[in-house]
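*Asks:* Before we start, here is the structure in question, set down as structure tokens.
Read the figures in this text as sums done on the coordinates, not as results from a lab. Computed from a prediction, not measured in an experiment: that's the story for all the values here. Positions of Cβ are generated from backbone atoms using ideal geometry, with glycine treated the same way; all protein chains shown enter the neighbour counts.
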Amino acid sequence: MSKEDKQDSQGLLKGFLKANKSDHFNFEEDIDYKVSSGSLQFDLQLGGGFGPGLHRFVGMNEGGKTSAGLEVMKNFLKMPKAKGIYIKAEGRLSPEMRARSGINFVFNADDWVDGTCFVFESNIYETVVDLLRQLITSNEEKIKYNCLLDSVDGLILKNDADKSFDDCAKIAGGAVVAATFMKKMSIALAKRGHMAIFISQVRADIKLDPYSKAPIRQTTATGGNALLHFANWIVEFEPRYKGDIILQNPSLKKMDPQKNPPIGHFAKVTIKKSPNEKTNMTISYPIRYGRTGGKSIWIEKEIVDLLHAWEFISRKKNSAWIEFTEEFSEILEGINLGDDFSLPEKIQGENNLFKFVEDNPKLSNFLISYFNQAILELS
């Protein structure tokens, strides 16, 4: 072989990549972003929010998995050229849930435009997987997709769907999903800027003690080990207890339907897998009852909590009066919060402080942006 015919390692690699360009993603540009969970406290631990790829929301019934997934979907759809698809594999997504979510759901393909979420009502595993595969691989419009699968437990193989009730049907579940869809699509999801949120139940208590005789598992969520492996984040939603209820007058402590009704609760999640060393951390964030339009997360309460934590407000011992600090006043200087806005010297009680933040949306939006930026800088 002549000197001219010889190739170095770089030349060999270039030639190989070019000849096999349909089998790899090295020629494609990474697409990255952060989508807010809707909670400032949650975003702080997420490093700003959820990014592209697969995320798992697991937990017991009524833990808030679907609501949290819909909140991420709502924020995802704010990005340009973004579409959502909700896989309705179970009988949820009631009109009340849709109203609370603030998402523009569509049920007709002709109505599926940027910023909307198409509801695909199917629990046939092969059909669901084939739709998602086609959307991701045939994407000349460069749309970013968010697939919310609710839930993994509801999927069933096409052959099993045709069986009689006397036959033992095999639930497709995570093992089949992981073995095919995720092995084929996990790289494409993350590389091309798509997101998937898979919701599933848990089968048993989680074992985290390394000295326990029981096998150590990240989570007992349904879905098989492959889904655990491919997920970027695994978030477990904890059961709700009496102590998690937020009362109208917390100082009274005892709930009364008329005199002291519940106005919300604290949702609690434990991170079971993370890319940023937050594994096993438990996060609590407030939910406000009676809200629609994607405002169930009581972010105004989180704002007040952060105002306390960052010492932008102060309260003297045994006093109900809350005062804004000079530092906070300086931050608001030059910010257009409306002609009618004025920062009071002091406010009596936490509830009035919540109301003040809620009644001034420009203030709350500014503070959300301010704290989100601070969270990103800390990440």
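*Asks:* Once R0 is set to 35 Å, what does the formula 1/(1 + (r/R0)^6) return for the Cβ-Cβ distance between Glu141 and Glu96, expressed as a FRET efficiency to the nearest 0.05? Let's see the in-between values first.
*Replies:* Details: r = 33 Å, r/R0 = 0.94.
E between Glu141 and Glu96, to the nearest 0.05, is 0.60.
*Asks:* Okay, moving on. Which of Val129, Val106 comes first, and how do the rest follow, when ranked by fewest Cβ neighbours within 10 Å? Spell out each step's value before the answer.
*Replies:* Numbers: Val129 19, Val106 16.
Starting with the residue having the fewest Cβ neighbours, the order is Val106, Val129.
*Asks:* Could you please rank Ile199, Ile187, placing first whichever residue has the fewest other Cβ atoms within 10 Å of its Cβ? Don't skip to the end; give the middle numbers.
*Replies:* On the way: Ile199 27, Ile187 15.
Lowest count first: Ile187, Ile199.
*Asks:* Which loop trypsin sites (Lys or Arg not before Pro) in segment 49-78, with loop taken from DSSP, have no more than 16 other Cβ atoms within 10 angstrom of their Cβ?
*Replies:* Values: sites: Arg56, Lys65, Lys74, Lys78; in loops: Lys78.
Listed in order of number, the matching sites are Lys78.
*Asks:* To the nearest 0.05, how large is the calculated FRET efficiency for Gln7 and Asp30 if R₀ is 25 Å and r is the Cβ-Cβ distance? It would help to have the intermediate numbers written out before the result.
*Replies:* On the way: r = 28 Å, r/R0 = 1.13.
For Gln7 and Asp30, the calculated efficiency is 0.30.
*Asks:* Quick check: residue separation of Phe16 and Glu326 times 0.36 nm, minus the Cα distance between them. What number comes out in nm? Intermediate values should be presented prior to the final figure.
*Replies:* Details: separation 310, 0.36 × 310 = 111.60 nm, distance 6.34 nm.
Stretched out fully, the Phe16 to Glu326 stretch lengthens by 105.3 nm.
*Asks:* Also, I was wondering about something else. So what J values fall out for segment 298-309 if you push phi through Karplus, 6.51 cos²θ - 1.76 cosθ + 1.60 with θ = phi - 60°, rounded to Hz, Gly and Pro as x?
*Replies:* 3J(HN,Hα) across segment 298-309, in whole Hz: 7, 5, 4, 5, 5, 4, 4, 4, 6, 4, 5, 4.
*Asks:* Scan around Gly102 for amide H atoms under 5 Å from its own, H built in the peptide plane at 1.01 Å from N, and keep only partners 5 or more places away or cross-chain.
*Replies:* Gly293, Gly294
*Asks:* If the reach is capped at under 17 angstrom between alpha carbons, list the lysines near Lys316, excluding any in the same chain fewer than eight residues apart.
*Replies:* Candidates past the 8-residue exclusion: Lys346.
*Asks:* Amide H to amide H, which residues 5 or more places from Lys272 or on other chains are under 5 Å from it, using H placed in the peptide plane?
*Replies:* Ile234, Val235, Glu236, Asn280
*Asks:* Could you give me the ³J(HN,Hα) list for segment 115-125, computed from phi with Karplus coefficients 6.51, -1.76, 1.60 and θ = phi - 60°, whole Hz, x at Gly and Pro?
*Replies:* My calculation for segment 115-125 gives x, 10, 10, 7, 9, 9, 8, 7, 10, 7, 3 Hz in order.
*Asks:* Here's a follow-up. Subtracting the Cα-Cα distance from 0.36 nm times the residue separation, let me have the gained length for Asp359 to Leu376 in nm, one decimal.
*Replies:* Working: separation 17, 0.36 × 17 = 6.12 nm, distance 2.68 nm.
Value of the extension gain: 3.4 nm.
*Asks:* Further question on the same structure: Restricting to Cα pairs below 8 Å that are 6+ residues apart, what does the relative contact order work out to for the chain? Please round to a whole percent. Each step should come with its number before you reach the end.
*Replies:* On the way: 650 pairs, mean separation 70.0, N = 379.
Result for the chain is 18 percent.
*Asks:* Just to confirm a number: summing +1 for Lys and Arg and -1 for Asp and Glu over residues other than Glu333 whose beta-carbon lies under 15 angstrom from that of Glu333, what do you get? Each step should come with its number before you reach the end.
*Replies:* Working: positive: Lys362; negative: Glu326, Glu327, Glu330.
That works out to -2.
*Asks:* Ok, one more. Kindly provide the GluC sites (Glu not before Pro) of segment 265-358 that DSSP labels as loop, not H, G, I, E or B, and whose Cβ sees at most 11 other Cβ atoms within 10 Å. Show your work: numbers first, answer last.
*Replies:* Numbers: sites: Glu277, Glu300, Glu302, Glu311, Glu323, Glu326, Glu327, Glu330, Glu333, Glu345, Glu350, Glu358; in loops: Glu277, Glu311, Glu333, Glu345.
In loop regions of segment 265-358 (DSSP not H, G, I, E or B), the sparsely surrounded GluC sites (Glu not before Pro) are Glu277, Glu311, Glu333, Glu345.
*Asks:* Which ³J(HN,Hα) values, rounded to whole Hz and listed in residue order, are derived for segment 19-26 from phi using the Karplus coefficients 6.51, -1.76 and 1.60 in 6.51 cos²θ - 1.76 cosθ + 1.60 with θ = phi - 60°, glycine and proline given as x?
*Replies:* 6, 10, 4, 7, 9, 8, 10, 5
*Asks:* Between beta-carbons, use under 14 Å as the cut-off and find the net charge around Glu141, counting Lys and Arg +1, Asp and Glu -1. Show your work: numbers first, answer last.
*Replies:* Values: positive: Lys81, Lys83, Lys142, Lys144, Arg192; negative: Asp114, Glu140.
Taking every Cβ under 14 Å from that of Glu141, the sum is +3.
*Asks:* So, one more: Find how much the distance from Asn276 to Arg133 grows on full extension, using 0.36 nm per residue of separation minus their present alpha carbon separation; answer in nm with one decimal. Please report the intermediate quantities before stating the final value.
*Replies:* Values: separation 143, 0.36 × 143 = 51.48 nm, distance 2.87 nm.
Stretched out fully, the Asn276 to Arg133 stretch lengthens by 48.6 nm.
*Asks:* How much net charge surrounds Asn260 when only the other residues with a Cβ under 13 Å from the Cβ of Asn260 are counted, with Lys and Arg +1 and Asp and Glu -1? It would help to have the intermediate numbers written out before the result.
*Replies:* Numbers: positive: Lys253, Lys254, Lys259; negative: Asp256.
Result for the local shell: +2.
*Asks:* If you don't mind, there's one more thing I want to ask. Could you give the semi-axes, largest first, of the ellipsoid that matches segment 301-378, computed as the square roots of 5 times the alpha carbon gyration tensor eigenvalues and rounded to whole Å?
*Replies:* 19, 16, 12
*Asks:* Let me ask you something else. Starting from the Cα of Lys21, draw a straight line to each of the aspartates and glutamates and keep only those under 15 Å, dropping any in the same chain fewer than 8 residues away.
*Replies:* Of all the aspartates and glutamates, those that pass the test against Lys21 - Cα under 15 Å, at least 8 places apart if same chain - are Glu29.
*Asks:* What FRET efficiency comes out for Met255 versus Trp112 if R0 is 35 angstrom and r is the Cβ-Cβ distance? Round to the nearest 0.05. Intermediate values should be presented prior to the final figure.
*Replies:* Working: r = 44 Å, r/R0 = 1.25.
Computed FRET efficiency for Met255 and Trp112 comes out at 0.20.
*Asks:* Express in % the proportion of alpha carbon pairs of the chain at distances exceeding 36 Å. Walk me through the numbers on the way to the answer.
*Replies:* Details: 23923 of 71631 pairs.
In whole percent, the share of Cα-Cα pairs in the chain beyond 36 Å is 33.
*Asks:* Could you work out the helix-only [θ] at 222 nm for the chain, with each DSSP H run of four or more residues adding -39,500 (n - 2.57) and the total divided by the number of residues, to the nearest 500 deg cm²/dmol?
*Replies:* Details: 13 runs with 120 residues, N = 379.
Mean residue ellipticity at 222 nm (helix-derived): -9000 deg cm²/dmol.
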